[in-house]
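Accompanying notes for the structure given below.
The values are calculated or read from the model by the stated rules, or taken from the named source; none is laboratory data. Small disclaimer: the values here were computed from a predicted structure and weren't measured. Counting neighbours? That spans all protein chains shown, and the Cβs are built from the backbone with ideal geometry, glycine included. With ligands, DNA and RNA removed, areas are computed over all heavy atoms of the protein, side chains included. Shrake-Rupley method; radii C 1.70, N 1.55, O 1.52, S 1.80 Å.
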Amino acid sequence: MELMIAYTREILGGLSTTLSLFLVSLVIGFILAAAMAFIQIRFPGHISKSVWNLMFCIRGVPMLLVLYIIYYGLPLLPIVRETFLWAVFSSPFWCTIICLAIVEMAFTSEIMRGAYFQTPKEQIEAARSLGLNGFQTFRAAIFPAMIRNGFAAYTTEVILLCKSTALAFTVTVMDVMGFANEIRSRTLDIYEPLLIAGFIYLCITITTRLALSWIFSLISVAGSARAEAL
Amino acid sequence: MLNYLEQGWGHQFVKAFGMSFSIAIISFVLSIIIGIGATLLASSRIRFAAAIVKFYTYLFRSLPGILLLLLIFYTADSLIQSLVKFLTGTSDASVSPVVPAVLSTSIVLGAYATELFKAGWADISAGQHEAGRALGFTRFQSLALIILPQIYRKVLPHLGSLWLISMKETALLSIIGIPDIVRIASLGARSTGAPFTFYGIAIAIFIAFAFASSRVFSYLEGRSRRSMGAI
């Protein structure tokens with residue numbers, strides 16, 4: 001029992017790293033995904049097609065390989081090594097964030113694109129005929145529909161991102177999994193550190209699910225209230 | 001790049017692809033069997049079965065894959081070793097680590113497959129089960145001839161993404177030491193000091209594989225839609 005408490009205390013030392021990996025890459029990934037989805041929607045034709053293909057390629061590659069090529073491969077380029085970029089790419093923490101953000105971008109942009117094209121055409125035309133401009137149409141007609149269509153898939157994606165942060169230990173980041181793995185290789189106890197880490201990840205994912213459904217209820221209620229007001 | 005491939009790394013990559021591909025395909029098939037089994041269990045009258053299946057899928061979709069793989073791998077490994085020791089009576093018999101590795105990926109992917117098949121099962125109306133019974137089919141016949149073909153059409157697009165996930169999941173086994181594509185790429189990168197080339201080759205293999213798989217699955221989807229039209 002004392003051993004368990006000692007292990008738990010040690011593993012919890014990685015909690016802040018895990019949470020910051022998760023939240024920072026979530027925000028960066030969301031912004032990148034919005035940009036990529038915007039490009040695909042706004043510029044149909046070759047640009048849209050090539051961006052979609054790029055996203056498809058990223059989705060087909062294991063995250064571990066993306067992480068390895070960023071952490072081990074990029075520092076070989078002179079442009080990375082000799083400029084300010086070195087400050088970013090010399091840190092395993094930031095390499096992991098970049099990798100997570102890229103993967104998150106590839107999956108989330110597809111969710112956003114799908115949600116956009118599921119929006120009924122009539123709704124957009126109706127908003128247009130009421131004299132709303134492009135941005136107003138997006139805010140009043142498209143965005144609420146996108147939230148309704150894409151939120152379930154986005155929740156799954158955020159949980160996947162949270163789980164993917166556990167790969168950071170492969171490039172020496174000491175997060176929850178990193179400390180658990182360190183205890184595992186030091187003491188040869190397999191089950192205690194991994195089960196403790198699993199319990200911590202379970203708490204994080206349950207909290208994330210609750211937080212996302214709370215945010216969804218806020219947004220969707222606000223949207224329906226505005227619809228009634230209109 | 002060709003230089004490295006000629007130095008014997010090309011052969012290594014071919015072998016590693018065979019390893020990744022066979023682990024992925026065995027895990028994919030096993031996970032589908034787990035998915036169908038768990039769906040049948042969840043819809044049976046056995047007490048608590050539905051709750052246990054729900055717990056399994058929830059837990060396995062909430063925990064990091066690598067953590068689950070390590071846990072199941074070590075558990076399965078020690079179980080198999082003691083089983084072999086018990087059966088053969090010798091202590092020096094050893095089982096390749098690939099067996100517990102395949103088991104661990106199958107159980108992890110099985111949680112996703114269960115979710116798919118449960119959703120597909122819920123879409124089949126009760127009338128279909130009753131019709132099978134009314135026509136004098138046994139439980140197994142109605143399941144195999146009436147229910148599963150309909151579920152197959154519903155879940156086929158999702159099976160495509162499950163297949164890609166199972167190919168990507170095998171990459172995690174490189175951490176345990178299974179000689180798959182990622183493992184060979186890492187070894188090559190470390191021993192030759194050319195990480196870009198080696199990880200690049202591995203990434204190219206996965207991308208080519210993803211495009212090929214999406215072709216195969218869109219062909220299968222087209223075929224299943226055509227046969228649907230014939231009815």
Legend entry - Accessible surface ranking that places the most exposed of A:Trp86, A:Trp214 first, with a 1.4 angstrom probe: A:Trp214, A:Trp86
Inset, instruction - Note down the net charge around B:Gln128, summing +1 for each Lys or Arg and -1 for each Asp or Glu among other residues with Cβ under 14 Å from its Cβ. - result: +2
Legend entry - Along principal axes, Cα extents of the range A:50-127, largest first, whole Å: 54, 25, 23
Inset, instruction - Relative to the longest principal axis of the C-alpha atoms of chain A, give the angle of the C-alpha long axis of helix A:2-12, reported between 0 and 90° and rounded to the nearest 10°. - result: 40 degrees
Inset, instruction - For helix A:176-187, report the angle its Cα long axis makes with the longest principal axis of the Cα atoms of chain A; keep it between 0 and 90° and round to the nearest 10°. - result: 20 degrees
Legend entry - Accessible surface ranking that places the most exposed of B:Leu172, A:Leu130 first, with a 1.4 angstrom probe: A:Leu130, B:Leu172
Inset, instruction - Ignoring everything but the protein chains, give the 1.4 Å probe accessible area of B:Lys54 in square angstrom, nearest 10. - result: 130 Å²
Legend entry - Between helix B:10-43 and chain B: long-axis angle, C-alpha atoms, 0 to 90°, nearest 10: 20 degrees
Legend entry - Farthest toward positive dipole pole in the range A:2-229 [+1 Lys/Arg, -1 Asp/Glu at C-beta], among A:Phe30, A:Leu3, A:Cys95: A:Phe30
Legend entry - Relative contact order for the range A:2-229, counting Cα pairs under 8 Å that sit 6 or more residues apart, in percent: 28 percent
Inset, instruction - Report the charge-dipole magnitude of the protein assembly as shown in Debye, nearest 20, computed about the Cα centre from +1 at each Lys and Arg Cβ and -1 at each Asp and Glu Cβ. - result: 1200 debye
Inset, instruction - Assuming R0 = 30 Å, can you tell me the calculated FRET efficiency for the pair B:Ala126 and B:Arg225, based on Cβ-Cβ distance, to the nearest 0.05? - result: 0.75
Inset, instruction - With springs only between Cα atoms under 10 Å apart, run a GNM on chain B and tell me which of B:Ile181, B:Ile52, B:Ile32 wobbles the most. - result: B:Ile52
Inset, instruction - Quote the total accessible area buried by chains A and B together, excluding ligands, DNA and RNA, probe 1.4 Å, nearest 100 Å². - result: 3200 Å²
Legend entry - Reach of B:Lys15 by Cα under 27 Å, taken over lysines that are not fewer than 8 positions away in the same chain: B:Lys168
Legend entry - Rounded to the nearest 20 debye, dipole of chain A from Cβ charges on Lys, Arg, Asp, Glu: 680 debye
Legend entry - Fraction in percent of alpha-carbon pairs per bin - 10 Å, the range B:19-85: 17, 36, 38, 9, 0
Inset, instruction - With label points built 7 Å along Cα→Cβ from the Cα atoms of B:Ser214 and A:Arg186, find their separation and express it in nm. - result: 4.5 nm
Inset, instruction - Quick one: order B:Ile178, A:Ile206, B:Ile80 from most to least accessible surface, probe 1.4 Å. - result: A:Ile206, B:Ile80, B:Ile178
Inset, instruction - Roll a 1.4 angstrom probe over the protein heavy atoms and tell me the percent of accessible area of chain A that is carbon or sulfur. - result: 71 percent
Inset, instruction - Round to the nearest 10 and report in Å² the accessible area of B:Tyr152, as given by a 1.4 Å probe over the protein chains' heavy atoms. - result: 90 Å²
Legend entry - Where N is the number of residues in chain B, Cα Rg divided by 2.2 N^0.38 Å: 1.21
Legend entry - Semi-axes of the equivalent ellipsoid for chain A, Cα gyration tensor, largest first, Å: 38, 24, 13
Legend entry - With all protein chains modelled, accessible area of B:Leu116 [1.4 Å, Å²]: 30 Å²
Inset, instruction - List the residues of the range B:37-72 that lose 20 Å² or more of accessible area once all protein chains are present, compared with their chain alone (1.4 Å probe, heavy atoms only, no ligands or nucleic acids). - result: B:Tyr58, B:Leu59, B:Arg61, B:Ser62, B:Leu63, B:Pro64, B:Ile66, B:Leu67, B:Leu70, B:Leu71
Inset, instruction - Report the local net charge at A:Phe89: Lys and Arg +1, Asp and Glu -1, summed over other residues whose C-beta lies under 13 Å from its C-beta. - result: 0
Inset, instruction - Go ahead and estimate [θ] at 222 nm for the protein assembly as shown from helices alone: -39,500 (n - 2.57) per DSSP H run with n ≥ 4, summed, over the residue count, rounded to 500. - result: -26500 deg cm²/dmol
Legend entry - Three principal axis lengths of the protein assembly as shown [C-alpha, angstrom, descending]: 74, 73, 55
Inset, instruction - Compare B:Ser82, B:Ser104, B:Ser22 in a GNM of chain B, Cα atoms joined below 10 Å, and give the one with the largest fluctuation. - result: B:Ser82
Inset, instruction - Between the chain alone and the structure with every protein chain in place, find the residues of the range B:192-214 that drop at least 30 Å² of accessible area; heavy atoms, 1.4 Å probe. - result: B:Pro195, B:Phe196, B:Tyr199, B:Ile203, B:Phe206, B:Ile207, B:Ala210, B:Phe211
Legend entry - Dipole magnitude of chain B about its Cα centre (Cβ charges: Lys, Arg +1; Asp, Glu -1), debye to nearest 20: 660 debye
